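Visitor: Structure incoming, see below.
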Amino acid sequence: MGLIGPGAFVPGLEESTLIFDAGHWILREAVQAVGRLATTMPAVKSMAINVSAKQFRNPCLVSVLRQAIKRWCIDPHRITLEITEFTESALIENVDDAQAVLTQVREMGVRIAIDDFGTGYSSLSYLARFRPDLLKLDKSFVDTIATDEMTIRSWKA
């Protein structure tokens, strides 16, 4: 079949519990790669690692991340967790648990990014509550700003 993009297999992982095992493996491998890059390419300052909202809810995420950082002696500031599917209910349905995980991840020194913001139900109130370090706007949201005459006029006003 050749190379298969994540859109072809991630949904299947998400529907099963395999997303947790795969996600933890990817997280450990990515942290190890950060360590290798830190020694071989010091100009590379950080790496973003995508974590689905479903993975983010898994209570093991914090311990897997903490163990990987410790094992590979990584400066946690070199890591940014990018939470995908933020607009879906996975994080929003249990805000207190999500907040607890965010707090623990931040206390380690790892940065948080919200990926693809601007699609679906994207509430600014959640940004105020979760306070991500980075906000990545979805391309479809940005593309419409540049082409929508009404939006352009309202921004100029």
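The values are calculated or read from the model by the stated rules, or taken from the named source; none is laboratory data. Fair warning: this is a prediction, and the values are worked out from it, not measured in the lab. Virtual Cβ from ideal backbone geometry, glycine too; neighbours counted across all protein chains shown.
Visitor: Within the stretch 33-45, track down each residue that is free of Cβ contacts under 8 Å to residues at least 24 places away in the same chain and of a type outside the set (Lys, Arg).
Guide: Within the stretch 33-45, Ala33, Leu37, Thr39, Thr40, Met41, Pro42, Ala43, Val44 meet the criteria.
Visitor: Quick one: Ala48 ticks every box in (1) within 17 Å of Leu102 (Cα to Cα); (2) without any contact (Cβ under 8 Å) to a residue 60 or more places away in the chain; (3) surrounded by fewer than 17 Cβ atoms within 10 Å (Cβ to Cβ) bar one, so which box is it?
Guide: (2)
Visitor: Going residue by residue through the stretch 53-72, is there one that turns out to be more than 23 Å from Leu137 (Cβ to Cβ) and in contact with a Gly (Cβ under 6 Å, 6 or more places away or on another chain)?
Guide: Checked against the condition, which is being more than 23 Å from Leu137 (Cβ to Cβ) and in contact with a Gly (Cβ under 6 Å, 6 or more places away or on another chain), the stretch 53-72 yields at least one hit.
Visitor: OK, next. Yes or no: Arg111 modelled with pLDDT of 80 or more and either under 13 Å from the mean Cα position of the chain (by Cα) or basic (Lys, Arg) (or both)?
Guide: So Arg111 fits the description; yes.
Visitor: Further question: Please verify whether the stretch 18-32 includes one or more residues that are polar (S, T, N, Q) and without any contact (Cβ under 8 Å) to a residue 12 or more places away in the chain.
Guide: No: the stretch 18-32 contains no residue that is polar (S, T, N, Q) and without any contact (Cβ under 8 Å) to a residue 12 or more places away in the chain.
Visitor: Continuing with the same structure: Just the residues that are under 20 Å from Arg66 (Cα atoms), outside any helix (DSSP H, G or I) and over 14 Å from the mean Cα position of the chain (by Cα), please, taken from the stretch 18-54.
Guide: Listed by number, the list holds a single entry, Lys45.
Visitor: Do we have any residue at all in the stretch 1-17 that's touching a residue at least 24 places away in the same chain (Cβ under 8 Å), surrounded by fewer than 15 Cβ atoms within 10 Å (Cβ to Cβ) and in a loop (DSSP other than H, G, I, E, B)?
Guide: No - not one qualifying residue is present in the stretch 1-17.
Visitor: Please indicate, with yes or no, whether at least one residue in the stretch 137-157 is within 27 Å of Gln32 (Cβ to Cβ) and either modelled with pLDDT of 80 or more or in a strand (DSSP E or B) (or both).
Guide: Scanning the stretch 137-157 turns up no residue that is within 27 Å of Gln32 (Cβ to Cβ) and either modelled with pLDDT of 80 or more or in a strand (DSSP E or B) (or both).
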